[in-house]
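Report on the structure given below.
The values are calculated or read from the model by the stated rules, or taken from the named source; none is laboratory data. Small disclaimer: the values here were computed from a predicted structure and weren't measured. In this analysis, Cβ positions are derived from the backbone assuming ideal geometry, glycine residues included, and neighbour counts consider all displayed protein chains. Note: accessible area is taken over every heavy atom of the protein model, side chains too, but ligands, DNA and RNA are not part of it. Shrake-Rupley method; radii C 1.70, N 1.55, O 1.52, S 1.80 Å.
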Amino acid sequence: LGKYLATLTVFGIPVAVTALFGLVLRLFSDGSVLLGSIGSSLVAGISYLLLGALLIAICMFISSLTDSVVLAAVGGFAAVLVLYFMDYLVAITAYLDALFPNAAPLISFILLIVLCVLFALVAGLLSKSAMIGMIAAAASIIPLSGAYVIWGEHFAGLFSKVLTHLSAFATFSSMTLGAFSLSGIVFFLSAIFFCVYMTVQSLEKRRWNS
(Lines give C-alpha, C1' and ligand atoms only; values in the text may rest on other atoms or scores of the structure.)
Protein backbone atom coordinates (compact mmCIF):
# COMPACT_ATOMS: atom_id res chain seq x y z
CA LEU A 1 0.00 0.00 0.00
CA GLY A 2 2.92 2.34 0.76
CA LYS A 3 4.47 1.61 -2.63
CA TYR A 4 1.14 2.28 -4.35
CA LEU A 5 0.55 5.57 -2.50
CA ALA A 6 4.11 6.71 -3.23
CA THR A 7 3.73 5.98 -6.94
CA LEU A 8 0.32 7.64 -6.95
CA THR A 9 1.82 10.75 -5.31
CA VAL A 10 4.52 11.01 -7.97
CA PHE A 11 1.81 10.74 -10.64
CA GLY A 12 -0.62 13.04 -8.84
CA ILE A 13 1.70 16.03 -8.30
CA PRO A 14 1.94 17.07 -11.99
CA VAL A 15 -1.78 16.37 -12.42
CA ALA A 16 -2.53 18.71 -9.50
CA VAL A 17 -0.28 21.38 -10.99
CA THR A 18 -2.07 21.06 -14.31
CA ALA A 19 -5.44 21.37 -12.55
CA LEU A 20 -4.36 24.80 -11.29
CA PHE A 21 -3.97 26.18 -14.82
CA GLY A 22 -7.67 27.05 -15.02
CA LEU A 23 -7.51 29.02 -11.78
CA VAL A 24 -4.42 30.90 -12.98
CA LEU A 25 -6.17 31.79 -16.24
CA ARG A 26 -9.19 32.95 -14.24
CA LEU A 27 -7.07 35.27 -12.11
CA PHE A 28 -5.26 36.89 -15.05
CA SER A 29 -8.13 37.02 -17.56
CA ASP A 30 -10.27 39.70 -15.90
CA GLY A 31 -13.13 37.23 -15.57
CA SER A 32 -13.28 36.20 -19.22
CA VAL A 33 -12.62 32.57 -18.26
CA LEU A 34 -15.91 31.19 -16.97
CA LEU A 35 -16.13 29.29 -13.71
CA GLY A 36 -17.92 26.52 -15.62
CA SER A 37 -14.85 26.01 -17.77
CA ILE A 38 -12.68 25.76 -14.67
CA GLY A 39 -15.10 23.22 -13.21
CA SER A 40 -14.97 21.17 -16.39
CA SER A 41 -11.17 21.19 -16.38
CA LEU A 42 -11.13 20.10 -12.73
CA VAL A 43 -13.48 17.20 -13.47
CA ALA A 44 -11.26 16.21 -16.40
CA GLY A 45 -8.20 16.37 -14.13
CA ILE A 46 -9.87 14.19 -11.50
CA SER A 47 -10.85 11.66 -14.14
CA TYR A 48 -7.28 11.60 -15.46
CA LEU A 49 -5.99 11.05 -11.92
CA LEU A 50 -8.45 8.18 -11.40
CA LEU A 51 -7.47 6.57 -14.71
CA GLY A 52 -3.79 6.80 -13.84
CA ALA A 53 -4.46 5.41 -10.36
CA LEU A 54 -6.24 2.42 -11.88
CA LEU A 55 -3.49 1.71 -14.40
CA ILE A 56 -0.86 1.96 -11.66
CA ALA A 57 -2.86 -0.48 -9.52
CA ILE A 58 -3.19 -2.94 -12.42
CA CYS A 59 0.53 -2.81 -13.24
CA MET A 60 1.44 -3.16 -9.57
CA PHE A 61 -0.74 -6.26 -9.31
CA ILE A 62 0.92 -7.78 -12.37
CA SER A 63 4.35 -7.02 -10.92
CA SER A 64 3.38 -8.89 -7.75
CA LEU A 65 2.91 -12.09 -9.76
CA THR A 66 6.52 -12.36 -10.88
CA ASP A 67 10.06 -11.63 -9.70
CA SER A 68 11.11 -10.65 -13.21
CA VAL A 69 11.16 -6.91 -13.90
CA VAL A 70 10.97 -7.57 -17.66
CA LEU A 71 7.90 -9.80 -17.34
CA ALA A 72 6.23 -7.26 -15.05
CA ALA A 73 6.89 -4.44 -17.53
CA VAL A 74 5.70 -6.44 -20.54
CA GLY A 75 2.64 -7.71 -18.66
CA GLY A 76 1.70 -4.23 -17.48
CA PHE A 77 2.14 -2.78 -20.96
CA ALA A 78 0.00 -5.58 -22.45
CA ALA A 79 -2.75 -5.04 -19.87
CA VAL A 80 -2.89 -1.29 -20.54
CA LEU A 81 -2.85 -1.94 -24.29
CA VAL A 82 -5.80 -4.34 -23.99
CA LEU A 83 -7.76 -1.78 -21.97
CA TYR A 84 -6.95 0.93 -24.51
CA PHE A 85 -8.13 -1.09 -27.50
CA MET A 86 -11.37 -2.19 -25.82
CA ASP A 87 -13.20 0.75 -27.39
CA TYR A 88 -11.96 -0.25 -30.85
CA LEU A 89 -13.20 -3.80 -30.25
CA VAL A 90 -16.60 -2.39 -29.33
CA ALA A 91 -16.64 -0.38 -32.57
CA ILE A 92 -15.65 -3.46 -34.62
CA THR A 93 -18.37 -5.53 -32.94
CA ALA A 94 -20.96 -2.85 -33.64
CA TYR A 95 -19.87 -2.80 -37.29
CA LEU A 96 -20.24 -6.59 -37.54
CA ASP A 97 -23.68 -6.40 -35.95
CA ALA A 98 -24.74 -3.81 -38.51
CA LEU A 99 -23.19 -5.80 -41.36
CA PHE A 100 -24.81 -9.10 -40.32
CA PRO A 101 -27.95 -8.14 -38.34
CA ASN A 102 -29.39 -11.66 -38.40
CA ALA A 103 -26.21 -13.12 -36.93
CA ALA A 104 -25.74 -10.35 -34.33
CA PRO A 105 -26.96 -12.46 -31.36
CA LEU A 106 -24.69 -15.36 -32.34
CA ILE A 107 -21.67 -13.07 -32.81
CA SER A 108 -22.27 -11.53 -29.39
CA PHE A 109 -22.68 -14.98 -27.80
CA ILE A 110 -19.43 -16.29 -29.31
CA LEU A 111 -17.48 -13.23 -28.18
CA LEU A 112 -18.94 -13.53 -24.67
CA ILE A 113 -17.82 -17.17 -24.58
CA VAL A 114 -14.31 -16.06 -25.55
CA LEU A 115 -14.44 -13.47 -22.76
CA CYS A 116 -15.49 -16.16 -20.27
CA VAL A 117 -12.63 -18.41 -21.40
CA LEU A 118 -10.15 -15.57 -20.91
CA PHE A 119 -11.62 -14.91 -17.46
CA ALA A 120 -11.25 -18.59 -16.55
CA LEU A 121 -7.68 -18.60 -17.88
CA VAL A 122 -6.76 -15.59 -15.74
CA ALA A 123 -8.42 -17.19 -12.70
CA GLY A 124 -6.43 -20.38 -13.28
CA LEU A 125 -3.15 -18.51 -13.70
CA LEU A 126 -3.68 -16.37 -10.62
CA SER A 127 -4.60 -19.33 -8.46
CA LYS A 128 -2.04 -21.58 -10.19
CA SER A 129 -4.73 -24.25 -10.27
CA ALA A 130 -6.17 -25.78 -13.44
CA MET A 131 -9.17 -27.00 -11.41
CA ILE A 132 -10.12 -23.47 -10.36
CA GLY A 133 -9.80 -22.32 -13.97
CA MET A 134 -12.10 -25.12 -15.13
CA ILE A 135 -14.62 -24.32 -12.39
CA ALA A 136 -14.57 -20.64 -13.35
CA ALA A 137 -15.09 -21.56 -17.01
CA ALA A 138 -18.00 -23.87 -16.22
CA ALA A 139 -19.59 -21.38 -13.81
CA SER A 140 -19.61 -18.68 -16.50
CA ILE A 141 -20.12 -20.59 -19.75
CA ILE A 142 -22.94 -22.94 -18.68
CA PRO A 143 -25.33 -20.18 -17.43
CA LEU A 144 -24.44 -18.04 -20.44
CA SER A 145 -25.23 -20.88 -22.85
CA GLY A 146 -28.55 -21.53 -21.09
CA ALA A 147 -29.47 -17.86 -21.31
CA TYR A 148 -28.64 -17.83 -25.02
CA VAL A 149 -30.89 -20.84 -25.66
CA ILE A 150 -33.80 -19.14 -23.88
CA TRP A 151 -33.28 -15.47 -24.74
CA GLY A 152 -31.05 -15.67 -27.80
CA GLU A 153 -32.61 -12.70 -29.58
CA HIS A 154 -31.69 -10.41 -26.68
CA PHE A 155 -27.97 -11.12 -27.09
CA ALA A 156 -27.62 -8.71 -30.01
CA GLY A 157 -25.24 -5.97 -28.92
CA LEU A 158 -24.78 -7.48 -25.45
CA PHE A 159 -21.03 -8.00 -25.88
CA SER A 160 -20.55 -4.35 -26.80
CA LYS A 161 -22.53 -3.24 -23.74
CA VAL A 162 -20.49 -5.47 -21.43
CA LEU A 163 -17.16 -4.20 -22.81
CA THR A 164 -18.35 -0.59 -22.62
CA HIS A 165 -19.15 -0.99 -18.92
CA LEU A 166 -15.76 -2.65 -18.33
CA SER A 167 -13.77 -0.13 -20.36
CA ALA A 168 -11.78 2.25 -18.18
CA PHE A 169 -10.92 4.47 -21.15
CA ALA A 170 -14.59 4.76 -22.22
CA THR A 171 -15.51 5.88 -18.69
CA PHE A 172 -12.56 8.26 -18.71
CA SER A 173 -13.57 9.73 -22.08
CA SER A 174 -17.11 10.43 -20.90
CA MET A 175 -15.80 12.16 -17.77
CA THR A 176 -13.27 14.31 -19.66
CA LEU A 177 -16.19 16.02 -21.37
CA GLY A 178 -16.69 17.80 -18.07
CA ALA A 179 -19.73 15.80 -16.94
CA PHE A 180 -19.42 14.74 -13.31
CA SER A 181 -20.22 11.03 -13.19
CA LEU A 182 -20.77 9.39 -9.83
CA SER A 183 -20.99 5.96 -11.48
CA GLY A 184 -17.62 6.58 -13.17
CA ILE A 185 -15.97 7.50 -9.87
CA VAL A 186 -17.47 4.41 -8.21
CA PHE A 187 -16.19 2.28 -11.11
CA PHE A 188 -12.63 3.59 -10.79
CA LEU A 189 -12.50 3.40 -7.00
CA SER A 190 -13.92 -0.13 -6.98
CA ALA A 191 -11.48 -1.33 -9.62
CA ILE A 192 -8.55 0.33 -7.81
CA PHE A 193 -9.53 -1.25 -4.49
CA PHE A 194 -9.90 -4.66 -6.14
CA CYS A 195 -6.46 -4.48 -7.81
CA VAL A 196 -4.72 -3.30 -4.63
CA TYR A 197 -6.50 -6.01 -2.62
CA MET A 198 -5.45 -8.68 -5.12
CA THR A 199 -1.87 -7.39 -4.96
CA VAL A 200 -1.85 -7.77 -1.17
CA GLN A 201 -3.29 -11.29 -1.45
CA SER A 202 -0.72 -12.22 -4.09
CA LEU A 203 2.17 -11.04 -1.92
CA GLU A 204 0.76 -12.77 1.15
CA LYS A 205 0.43 -16.02 -0.77
CA ARG A 206 4.02 -15.82 -2.01
CA ARG A 207 5.23 -15.02 1.50
CA TRP A 208 3.48 -18.01 3.05
CA ASN A 209 4.59 -20.33 0.25
CA SER A 210 8.21 -19.34 0.78
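With the chain treated as a Gaussian network of Cα nodes joined by springs under 10 Å, which of Cys195, Cys116, Cys59 yields the largest mean-square fluctuation?
Greatest mean-square fluctuation among the candidates belongs to Cys116.
Can I get the semi-axes of the stretch 42-131's equivalent ellipsoid? Compute them from the C-alpha gyration tensor as square roots of 5 times the eigenvalues, in angstrom, largest first.
Value: 29, 22, 10 Å, ordered largest first.
Taking the Cβ-Cβ separation of Ala103 and Gln201 as r and a Förster radius of 35 Å, what is the calculated FRET efficiency to the nearest 0.05?
0.25
So, by mean Cβ neighbours within 10 angstrom, what's the order for 136-144, 201-209 with the highest one leading?
Ranking, from highest mean packing down: 136-144, 201-209.
Would you kindly work out the equivalent ellipsoid of the stretch 36-85 from its C-alpha gyration tensor and give its semi-axes, the square roots of five times the eigenvalues, largest first in whole Å?
In descending order, the three semi-axes are 30, 10, 6 Å.
Write down, largest first, the equivalent ellipsoid semi-axes of the stretch 129-200 in whole Å, where each equals the square root of 5 times an eigenvalue of the alpha-carbon gyration tensor.
Values for the stretch 129-200, descending: 29, 22, 8 Å.
Sort all Cα-Cα distances of the stretch 162-207 into consecutive 5 angstrom bins from zero, then give the percent of pairs in each bin up to the one containing the longest distance.
5, 20, 22, 19, 12, 9, 8, 4, 1
Between helix 2-19 and the chain, what is the angle of the helix's C-alpha long axis to the longest principal axis, kept within 0 to 90° and rounded to the nearest 10?
Between helix and principal axis, roughly 50 degrees.
Of the chymotrypsin sites (Phe, Trp or Tyr not before Pro) in the stretch 1-100, which ones lie in a loop per DSSP and count no more than 16 other C-beta atoms within 10 Å?
Counting only loop positions with at most 16 other Cβ atoms within 10 Å, the chymotrypsin sites (Phe, Trp or Tyr not before Pro) in the stretch 1-100 are Phe28, Phe85.
Restricting things to alpha carbons, tell me how big the stretch 52-210 is in terms of Rg and Dmax, in Å.
Cα-based Rg and Dmax for the stretch 52-210 come out at 17.6, 55 Å.
So if I place +1 on the C-beta of Lys and Arg and -1 on the C-beta of Asp and Glu, and nothing else carries charge, what would the dipole magnitude of the chain be about its Cα centre? I want it in debye, nearest 20.
520 debye
Taking a point 7 angstrom from the Cα of Lys161 along the C-beta vector, which residues in the stretch 98-139 have backbone N less than 17 Å away?
So the set is 98, 104-113.
Which value results when the Cα radius of gyration for the stretch 140-182 is divided by 2.2 N^0.38 Å?
Expressed relative to 2.2 N^0.38 Å, the Cα Rg reads 1.61.
Normalised by the residues of the chain, what does the relative contact order come to in percent, with Cα pairs under 8 Å and at least six apart?
Relative contact order here is 30 percent.
I'd like the FRET efficiency for Ala91 and Phe194, computed as 1/(1 + (r/R0)^6) with the beta carbon distance as r and R0 of 25 Å, rounded to 0.05.
Using R0 = 25 Å, I get an efficiency of 0.40.
If you stretched the chain out fully between Ala130 and Leu20, how much longer would it get, using 0.36 nm times the residue separation minus the C-alpha to C-alpha distance?
That works out to 34.5 nm of additional length.
May I ask you to give the percent of accessible area on the chain that is carbon plus sulfur, with a probe radius of 1.4 Å?
C and S fraction of accessible area: 79 percent.
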